[in-house]
Every structure is written in C-alpha cells, then in structure tokens.
1. Being among the small types (Gly, Ala, Ser), farther than 17 Å from Ala162 by Cα and touching a Leu at 6+ places or on another chain (Cβ under 7 Å): is that true of Ala29 here?
2. Which of the helices (runs of 4 or more DSSP H) found entirely inside region 1-103 contain at least 2 residues meeting this: among the β-branched types (Val, Ile, Thr) and modelled with pLDDT of 90 or more?
3. Name every residue in region 116-152 that is outside any helix (DSSP H, G or I) and basic (Lys, Arg), in order of residue number.
4. I need every pair where a residue in region 33-51 that is more than 17 Å from Trp139 (Cα to Cα) and in contact (Cβ under 8 Å) with a residue 24 or more places away in the chain has its Cβ under 9 Å from the Cβ of a residue that is outside any helix (DSSP H, G or I) and aliphatic (A, V, I, L, M), sequence separation at least 6 or different chains.
5. Being under 11 Å from the mean Cα position of the chain (by Cα) and either closer than 23 Å to Val92 by Cβ or touching a residue at least 40 places away in the same chain (Cβ under 8 Å) (or both) is the requirement here; does Ala22 meet it?
6. What number of residues within region 32-80 satisfy the criterion of being among the small types (Gly, Ala, Ser) and over 21 Å from the mean Cα position of the chain (by Cα)?
7. Could you list, ordered by first residue, the pairs with Cβ atoms under 9 Å in which the first is in region 58-69 and without any contact (Cβ under 8 Å) to a residue 24 or more places away in the chain and the second is of a type outside the set (Ser, Thr, Tyr) and surrounded by 11 or more Cβ atoms within 10 Å (Cβ to Cβ), at least 6 apart or interchain?
Amino acid sequence: MFAIAGFLGTRGSFMLDFVVVAMFAVVPALGVSIFLVKCRRQFKLHRRIQIALGVILLLAVAAFEVDMRMNGWKHLAEPSPYWQDGSVNDWVDYSLLIHLLFAIPTPILWCVVIVKAMRRFSNPPRPNEYSRSHKLWAWIATIGMTMTAITGGIFYWFAFAA
C-alpha cells in the first residue's frame, strides 16, 4: 500500500481529505449556481458552472475510487473509537452505509439532469417547456449532493478524525 498522508491533520489519506474538502466546496458552488439562475437569470453561467462541477466531481470521484481500491481505508479507521469491525456498535460502517445511500445514486442523477438539460435547452439556454421538470429533478439532485456531503463528513469524522 502506498497512500499519501492527508492534509487535515487526521488519519485520512490525501485523497480522503481531498474528497471531503471538495464535497464541502461543491455544495456552496451549487448554491451560487442556483442563485445565479433563479435570481439573476444567468442561464449560460449556470450551465457552465454545472458542467464544470460535474466534470470536477467525476474526476475527483474516479481518482478517489482508484486510491481506495489500491490503498484501502480500513487500516486508517481501525484506531477510531467508533470502529468495531462488524459489531452491532460499528458506527463507522453504519455511517458509511448511510453515506453510500446518497453517494451512489446522487452523481448518477446529477449526470442525468445535466445531460437532459444539455439536450432539451437551447444554446444559449433559455426557459422552455422542460424547465419545470428540470427544476424538480435538479432540486432532488441538489438535496442528494448536500446529503452526500453531510453524510460523507460524518463518516469521515467517525472513521478518521475521532
């Protein structure tokens, strides 16, 4: 195993720390993007931000998954007081399971929302008959991304910071 040490002062690896920071940066960026489209009607900038966030998140998650497959994470979590390795009181595993309930479907949904928006909105983008559906699914994806960040932060704390 060859994991680069993290930068947050915990037992987390560089990639674990990077993804935690990235997730907490994505949520405010989503908020700014929503504000720009909803309040300022800056559809083109909203589109650019969403595509950029989607690409950045895709690359970060891909690098994270490669690192987890190569280096693992359990050895870093074992010193945690919440690590019980499969017992009823294993808060690390519980928090990971809850996190994955959001972390797996949310990026898929976000990609679907982005692809459909690129196909159904003109360039430059303007509101149309698809706008109502887009808003609904985009809000669901935004809530999912927010919950992914929150539950990921909780898992990170239980596994690597406590």
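1. It is true that Ala29 is among the small types (Gly, Ala, Ser), farther than 17 Å from Ala162 by Cα and touching a Leu at 6+ places or on another chain (Cβ under 7 Å).
2. 14-38, 43-71, 91-103
3. Arg126
4. none
5. Considered against the rule, which asks whether it is under 11 Å from the mean Cα position of the chain (by Cα) and either closer than 23 Å to Val92 by Cβ or touching a residue at least 40 places away in the same chain (Cβ under 8 Å) (or both), Ala22 comes out as yes.
6. So the answer is 1.
7. Final answer for the pair search is Val66/Met15.
Table: residues versus (1) without any contact (Cβ under 8 Å) to a residue 40 or more places away in the chain; (2) hydrophobic (A, V, I, L, M, F, W, C); (3) over 30 Å from Gly12 (Cα atoms).
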{"residue": "Asp85", "(1), (2), (3)": "yes, no, no"}
{"residue": "Ser95", "(1), (2), (3)": "no, no, no"}
{"residue": "Ala103", "(1), (2), (3)": "no, yes, no"}
{"residue": "Ile108", "(1), (2), (3)": "yes, yes, no"}
{"residue": "Ala117", "(1), (2), (3)": "no, yes, yes"}
{"residue": "Asn123", "(1), (2), (3)": "yes, no, yes"}
{"residue": "Arg132", "(1), (2), (3)": "yes, no, yes"}
{"residue": "Ile143", "(1), (2), (3)": "yes, yes, no"}
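The values are calculated or read from the model by the stated rules, or taken from the named source; none is laboratory data. Quick caveat, the model's predicted, so the values are computed rather than measured. Using ideal geometry, Cβ is built from the backbone for each residue, glycine included, and neighbour counts are taken over all protein chains shown.
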